[in-house]
Amino acid sequence: MTDAMDFFNTYIMGSIQMLTGFYFFTKLLQKKVRLPYYFLFLFFIVLLIKLVPGGSMAEFLAYTLLLTAGGIFPCRAGWKSSLLYAALTVEIMQLSYGVVNSLLDILYPLMSSFHRQAVGIAFMLSGNTALLLAALCYHVAYRYFSYYETVYETVKKQYLLMILTPILMIFLMGRYINSILYGNTVDTDGSRIMFYTKSGHFLIFGIQLLGV
């Protein structure tokens with residue numbers, strides 16, 4: 001059961017998550033992509049999930065580069081626009097999942113007194129609701145940036161860069177604090193036990209929410 005849930009969350013939901021990002025990425029670029037390119041992108045997504053550790057900075061960078069390549073080649077957009085919108089797409093997705101996961105971390109101790117396995121499965125599935133928050137953010141971003149006309153393309157890129165810089169700093173700060181709070185472990189009889197701090201969950205939740 002655990003293996004099936006891990007496969008579902010890692011490959012099925014991971015693929016849906018990245019394909020959703022790719023769809024809105026093409027919308028932000030105001031480009032239409034034919035269906036075969038989605039299957040090709042899915043192939044690279046599976047490779048990325050298999051080869052790159054999930055939740056790491058390497059995954060963040062690899063997904064950004066994959067989207068950028070998708071913007072340059074199938075979409076035939078400029079590399080600057082592709083890179084900027086790829087970064088925005090990945091940041092929105094990462095921050096949305098960060099908000100939901102942090103909220104679940106806060107709620108889990110309150111529910112752990114019930115059937116632990118059932119609660120664990122329910123919370124694991126609930127984490128995928130972050131995709132709805134990400135889709136909402138993508139829709140807002142698309143509606144906002146679509147107001148710009150083509151003649152203001154340069155202004156749009158400069159303004160987007162101004163937005164991306166603080167969001168990227170918030171995202172990186174959140175990842176750093178997360179590694180500090182939860183990266184410390186202690187040995188107890190040969191096993192590794194992670195420190196748990198309730199205030200740390202609230203701190204990460206606040207940072208991720210600020211980023212969104």
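All of the numbers you see were taken from the coordinates with simple rules; none came from a lab. Nothing here was measured: the structure is a model prediction, and the numbers come from that model. Positions of Cβ are generated from backbone atoms using ideal geometry, with glycine treated the same way; all protein chains shown enter the neighbour counts.
When the Cα atoms of the stretch 1-59 are enclosed in a convex hull and the volume is divided per residue, what value in Å³ results?
Details: hull volume 5.0 nm³, N = 59.
Given the Cα convex hull of the stretch 1-59, per-residue volume reads 85 Å³.
Once phi is turned into ³J(HN,Hα) by the Karplus curve 6.51 cos²θ - 1.76 cosθ + 1.60 with θ = phi - 60°, what whole-Hz value does each residue of the stretch 36-46 show in order, with x for glycine and proline?
x, 5, 5, 5, 5, 5, 4, 4, 5, 4, 4
Taking the number of other C-beta atoms within 10 Å as the exposure measure, put Ile12, Ile45 in order starting with the fewest. Before the final figure, lay out each step's value.
Details: Ile12 11, Ile45 21.
Final ranking by Cβ density, sparse to dense: Ile12, Ile45.
When Lys and Arg each count +1 and Asp and Glu each count -1, what net charge do the other residues less than 13 Å away from Met169, Cβ to Cβ, add up to?
On the way: positive: Arg175; negative: Glu91.
Local net charge: 0.
Using 0.36 nm times the number of residues separating Val212 and Gln30, minus their current alpha carbon distance, what extension gain do you get?
On the way: separation 182, 0.36 × 182 = 65.52 nm, distance 2.26 nm.
Extending this stretch completely gives an extra 63.3 nm.
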